[in-house]
Amino acid sequence: MALKHNILKMYFLKGVNCFMIVMPIIVIFFQENDLTITEIMILQAVYSLTIAMLEIPSGFLADSFGRRNSIFISTVFSFIGYIILSTYVGFNQYLIAEILLGIGASLISGADSALIYDTLLDLNDKNSYTKIEGKNYAIGNFSEAIAGLLGGYLAIASISLGLYLPMYIQTFVVMLSIPIAYSLVEPKRTFKIGKSLKSIIIIVQDTLITNKKLKWYIIYSSAIGLTTLSIAWFVQPFLSTIEMPLIYFGIIWAALNIIAGITSYYSYLINNRNLLIIISLSITISLICLGFNISLIGLIFISSIYLLRGIITPHMRNLININTTSERRATVMSLRSFMIRLSFSLTVSILGYITDIYSINYVFFSLAAITGITSLLAAYKLSYK
């Protein structure tokens, strides 16, 4: 019975972790503390690089010593990171906070999906994974949407405090994830895994070299993940460029997450053999159109990217889970996140520089070229596997 409650607890944990009050105004928060767009994107590059460096080891740690333990420790690191963000001012202090947040994110990445999937395996209900993952993803988006509305309102109400009130509340919210994570139950483990560097190398080799289908699924997922993650961070600079009043930042952020939440909730109903190609082409075209429309019209194309993200994310996680095994599930899922974060960390500072020196429309053209070529190549390879 306790194991059955894991799914509900993961829903709650997703809701709490995605209740990001500061996200609609985080770029403005950093700018208020005298950071440039380039410095802000460097912070995000360090955050993503920290995740990338620790993704595979943390996934292996979850497989070896327990997904529940990994998730619990992640909440502690995240809480400490937000304490620093809400207490100190300065690029160096924010850098330390981003590293701690990166460690926390890497520890839960992969472990969460693996815990859900193996819980369903123990309950003989693995066929429900896409539906449950879609619902879980939707809860995260709806939670972020509500937080966005609240964060936008608080940003206006607390402007005299330098946007610190939303950060204080965010720190308290993150603290709530600690007891939820602690109460999770580890699924039954009938396998043994080697606890060594050699074991990690074997899993990575099997995933990215031996298993061709799994390799291209991860490459495809990474390409789409790069775009959706980048867009999330360039929404606020885009809104600033078109001179959108700050009061609407939270409303727009909420609307985008509601769109992604609705499509992810119903994504399990979509079963098209050409889905990967359709998603790739649609996102690429949306990025190109966005580059040509740095105006209110551009919000239509940003919305379409969020809509497509909601559809594809649960499907990709399910496809990767189907093509791996329980003893290495968290490691493989972390490898997927590693590829996303590594590509993001390598490009986001350059994209920030492009925004500062040239124009934001070139950011969207660049993403269209990178994502379009990579994802379409992966989709083509998968169609012949």
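Pull out a ≥ b ≥ c, the square roots of the eigenvalues of the alpha-carbon gyration tensor of the range 43-106, then state rounded if a/c is under 1.5, prolate if not and a/b is larger than b/c, and oblate in the remaining case.
Here the range 43-106 falls in the oblate category.
Taking a quarter of the surface of the convex hull around the Cα atoms of the range 275-385, what do you get in nm²?
7.5
Would you mind calculating the relative contact order of the range 221-304 from Cα pairs under 8 angstrom and at least 6 residues apart, reporting the percent as a whole number?
In percent, rounded to a whole number, it is 34.
Taking 28 Å as the cut-off for C-alpha to C-alpha distance, list the pairs among K131/K213; K131/K212; K135/K215; K131/K381; K188/K381 that go past it.
K188/K381
Once you sort the root eigenvalues of the Cα gyration tensor of the range 224-322 as a ≥ b ≥ c, which label holds: rounded (a/c under 1.5), prolate (a/b larger than b/c) or oblate (the other case)?
Prolate, since a/c reaches 1.5 and a/b exceeds b/c.
Can you tell me what the convex hull of the Cα atoms of the range 205-279 projects to on average, as an area in nm²?
6.9
Using square roots of five times the C-alpha gyration tensor eigenvalues, list the equivalent-ellipsoid semi-axes of the range 263-306 in whole Å, biggest first.
The three semi-axes for the range 263-306 are 24, 13, 4 Å.
Can you give me the C-alpha center-to-center distance between the range 1-67 and the range 222-270, rounded to a whole angstrom?
17
Which value, in debye to the nearest 20, gives the size of the charge dipole of the range 109-157 about its Cα centre, when Lys and Arg are +1 and Asp and Glu are -1 at the Cβ?
In total the dipole reaches around 180 debye.
Determine the calculated [θ] at 222 nm for the chain from helices alone, applying -39500 (n - 2.57) to every DSSP H run no shorter than 4 residues and normalising by the residue count; nearest 500 deg cm²/dmol.
-26500 deg cm²/dmol
Label the range 83-128 by shape, choosing from rounded, prolate and oblate, from the square roots a ≥ b ≥ c of the eigenvalues of the Cα gyration tensor; if a/c is under 1.5 it is rounded, and otherwise prolate applies when a/b is larger than b/c, oblate when it is not.
Because a/c hits 1.5 or more and a/b exceeds b/c, the range 83-128 counts as prolate.
For V185, list long-range residues whose amide hydrogen, built 1.01 Å from N in the peptide plane, is under 5 Å from its own amide hydrogen.
Here the answer is none, since no amide H 5 or more places off falls under 5 Å of that of V185.
How big is the C-alpha Rg of the range 55-190 next to the rule-of-thumb value 2.2 N^0.38 Å, as a ratio?
Against the compact-globule rule of thumb, the ratio is 1.21.
Over all pairs of distinct alpha carbons, what does the Kirkwood formula give as the hydrodynamic radius of the chain, in Å?
With all distinct Cα pairs of the chain included, I get 20.9 Å.
Work out from phi, with θ = phi - 60° and the Karplus expression 6.51 cos²θ - 1.76 cosθ + 1.60, the ³J(HN,Hα) of each residue of the range 336-341, listed in order in whole Hz, and give x for Gly and Pro.
Ordered by residue, 3J(HN,Hα) equals 4, 5, 4, 5, 5, 5 Hz.
Identify, among L214, S337, L276, the residue whose Cα sits farthest towards the positive end of the charge dipole of the chain, taking +1 on the Cβ of Lys and Arg and -1 on the Cβ of Asp and Glu, with the dipole about the Cα centre.
In the chain, that residue is L214.
Return the loop-located trypsin sites (Lys or Arg not before Pro) in the range 81-147 (DSSP other than H, G, I, E, B) with at most 12 other Cβ atoms within 10 Å of their own Cβ; answer none if there are none.
Filter output for the range 81-147: empty list.
Counting other Cβ atoms within 10 Å, which chymotrypsin sites (Phe, Trp or Tyr not before Pro) in the range 285-361 have at most 11 and lie in a DSSP loop?
In loop regions of the range 285-361 (DSSP not H, G, I, E or B), the sparsely surrounded chymotrypsin sites (Phe, Trp or Tyr not before Pro) are Y358.
I42: net charge of surrounding residues, Cβ under 13 Å, Lys/Arg +1, Asp/Glu -1, itself excluded?
Counting the neighbours of I42, the net charge comes to -3.
Work out from phi, with θ = phi - 60° and the Karplus expression 6.51 cos²θ - 1.76 cosθ + 1.60, the ³J(HN,Hα) of each residue of the range 164-174, listed in order in whole Hz, and give x for Gly and Pro.
Here the 3J(HN,Hα) series is 7, 4, x, 5, 4, 5, 4, 4, 5, 4, 4 Hz.
Hey, what did the chain get for relative contact order, percent, Cα under 8 Å, at least 6 apart?
Relative contact order for the chain comes out at 30 percent.
Dividing the Cα radius of gyration by the Kirkwood radius, what Rg/Rh value follows for the range 324-365?
1.30
For the chain, modelled as a GNM with alpha-carbon contacts under 10 angstrom, which of A181, A114, A232 fluctuates the most?
Maximum fluctuation in the GNM of the chain, among the listed residues, is at A232.
Please report, to one decimal in angstroms, the Kirkwood hydrodynamic radius of the range 1-98 built from all distinct Cα-Cα pairs.
15.4
Could you rank the peptides 102-109, 251-258 by their average count of other C-beta atoms within 10 Å per residue, with the highest value first?
The peptides rank, most packed first, as 102-109, 251-258.
Computed from the coordinates by the stated procedures, all read-outs in this text should not be read as laboratory data. Since the structure is predicted, the reported quantities are computational estimates derived from the model, not experimental observations. Positions of Cβ are backbone-derived with ideal geometry, glycine not excepted, and every protein chain shown enters the neighbour counts.
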